[in-house]
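Engineer: Have a look at this one before I ask anything.
The values are calculated or read from the model by the stated rules, or taken from the named source; none is laboratory data. Because the structure is predicted, anything quoted here is derived from the model rather than measured. In this analysis, Cβ positions are derived from the backbone assuming ideal geometry, glycine residues included, and neighbour counts consider all displayed protein chains. Heads up: the accessible areas ignore ligands, DNA and RNA and are worked out on the full protein's heavy atoms, side chains in. Shrake-Rupley method; radii C 1.70, N 1.55, O 1.52, S 1.80 Å.
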Amino acid sequence: VTSPCKILKCNSEFWVATSGSHHLGAEEAPEFCTALRAYAHCTRRTARTCRGDLAYHSAVHGIDDLMMQHNCSKDGPTSQPRLRTLPPGDSQERSDSPEICHYEKSFHKHSAAPNYTHCGLFGDPHLRTFTDTFQTCKVQGAWPLIDNNYLNVQVTNTPVLPGSTATATSKLTIIFKSFQECVDQKVYQAEMDELPAAFADGSKNGGDKHGANSLKITEKVSGQHIEIQAKYIGTTIVVRQVGRYLTFAVRMPEEVVNAVEDRDSQGLYLCLRGCPLNQQIDFQTVRSAQATEGRARRKGPSLPAHPETFTYETATAKCREKLPVEDLYFQSCVFDLLTTGDVNFMLAAYYAFEDVKMLHSNKDKLHLYERTRDLAPGNVAPSGPHPALWVALLCLSQWLCLF
């Protein structure tokens, strides 16, 4: 389901119209005011469908503030001229940013390098926590992934097909909280078919503070892959759109992970404690539930990608093309192809593992084996996949084929 709230489109249009506008002279201020009025007009058009949207409310308040700062009238033209862009080579980097805005320099100047951890969410959805526990979860609706003193991350998971228990991430909201002289509060929001390369207010860094460039967004592949560097907390976030759905991966120091004032609330977010037990899916017990839904999936509305009907053999062969090691990422790929029929879930598993290779600090823990639902955090088996899992998946594929 695509949200009718189009605030991301409004933000993007304003960013395009005002690229480099902070370098404009006083004689060009009317053009900036024109773009602001167009921005305000765009937000009014989508107001009814955006009442509960954080990015929408942030944009509305931001427009009012900018209009006051620039003495802009609310009446006037609303065309969106393309304003002057930055001169080539002007990266706006501030070489004199405060040392506190660089995590490794400020927090660990006289100690060992920080211990980094990783969390990722992808596919149907599969969660790898900061403690290297791997789970497959239901978690339909909105759920917190991260919630600490520095940032908040929330995902919304929706059914892949009407009436299906298979869900995937359709919306992602990241709130970077204001931090000393480094960054203002910034909101990043992505959803299906909209992966912006800017924050909700149209900016690409941490705002007007002296260390603003310690928070930056970089677009790696237009509409498919963005990276957010938050150097002031030593954190890297990767967001991708693969097919219709989003994937999330983060690299964060343990000190930041555990920076929570109310430690009782730590159990509420998925990256640290995992999914609640009643939201976890055990591969070995999924057979009967999936079998009863097989007929509905095959007769239900088609996905835009025109899903295939995978058997156990064709699913494993397809997953082996991108994931030659039969670890939990490979098993997740097979599971997702059997339950959704959408080959993009194979790519989601592949990119999730690529992000692990880039972000995980312990290269010996890149691959995870066996189910980790009943294992202690960080427990990793040295051998291949659990045979009972393959039996369950094989049975599942045979049931689906009957329909």
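Engineer: For residue 354 and residue 47, what is the calculated FRET efficiency with R₀ set at 35 Å and r taken between the beta-carbons, to the nearest 0.05? Kindly include the intermediate steps, with their values, before the conclusion.
Structural biologist: Numbers: r = 39 Å, r/R0 = 1.13.
Result of the calculation: an efficiency of 0.35.
Engineer: In whole Hz, with x marking every Gly and Pro, tabulate ³J(HN,Hα) for the stretch 246-259 from phi via Karplus 6.51 cos²θ - 1.76 cosθ + 1.60, θ = phi - 60°.
Structural biologist: 9, 10, 9, 8, 9, 10, 9, x, 4, 4, 6, 3, 8, 7
Engineer: So, in nm, how far is label residue 322 from label residue 220 when the simple model puts each one 7 Å beyond its Cα toward the Cβ?
Structural biologist: Each label point lies 7 Å from its Cα, and together they span 1.3 nm.
Engineer: To make sure I understand the rule: partners must be lysines, Cα under 26 Å from the Cα of residue 105, and not fewer than 8 residues away in the same chain. Which ones qualify?
Structural biologist: 177, 186, 204, 209, 216, 231, 357, 363
Engineer: Of the heavy-atom accessible surface of the stretch 147-220 (probe 1.4 angstrom), what whole percent is carbon and sulfur?
Structural biologist: Summing carbon and sulfur atoms, their accessible area is 42 percent of the total for the stretch 147-220.
Engineer: Less than 13 Å Cβ to Cβ from residue 352, Lys/Arg counted +1 and Asp/Glu -1: what total charge do the surrounding residues give? Present the calculation step by step, with values, prior to reporting the outcome.
Structural biologist: Details: positive: 128, 240, 322, 357; negative: 124, 327, 336, 354, 355.
Spelling it out: positives minus negatives among the neighbours equals -1.
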